[in-house]
């Protein structure tokens with residue numbers, strides 16, 4: 001099975017890199033997306049903005065998939081909390 005390197009970036013220089021075998025690129029990218037929801041759940045209640053991402057590299061060290069998310073919470077005129085999500089995905 002091919003080995004992929006997954007790097008998660010939770011912001012604030014909080015990076016984790018792991019090299020894992022997956023049957024194919026789709027399985028690697030599917031697995032790489034799981035931490036995005038976890039990072040959003042952990043980061044957002046503690047602030048007004050969260051910026052984080054994930055990158056997948058193939059065995060040659062080439063970035064083959066990147067996803068990033070910027071979440072911004074704001075308070076509107078009625079003082080109810082709103083959140084805005086900007087997601088960017090770069091497939092290489």
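Nothing in this text is a laboratory measurement; each read-out follows from the coordinates by a stated rule. Everything numeric in this text was worked out from a predicted model, so none of it was measured. Note that we place each Cβ from the backbone using ideal geometry, even for glycine, and neighbour counts take in every protein chain shown.
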Could you order the peptides 21-27, 64-70, 36-42, 4-10 from most to least packed, using the average number of other C-beta atoms within 10 Å per residue? 4-10, 64-70, 36-42, 21-27
Just to be sure I understand the model, the point goes 7 Å from the Cα along the line to the Cβ. What's the resulting residue 33 to residue 59 distance in nm? 2.5
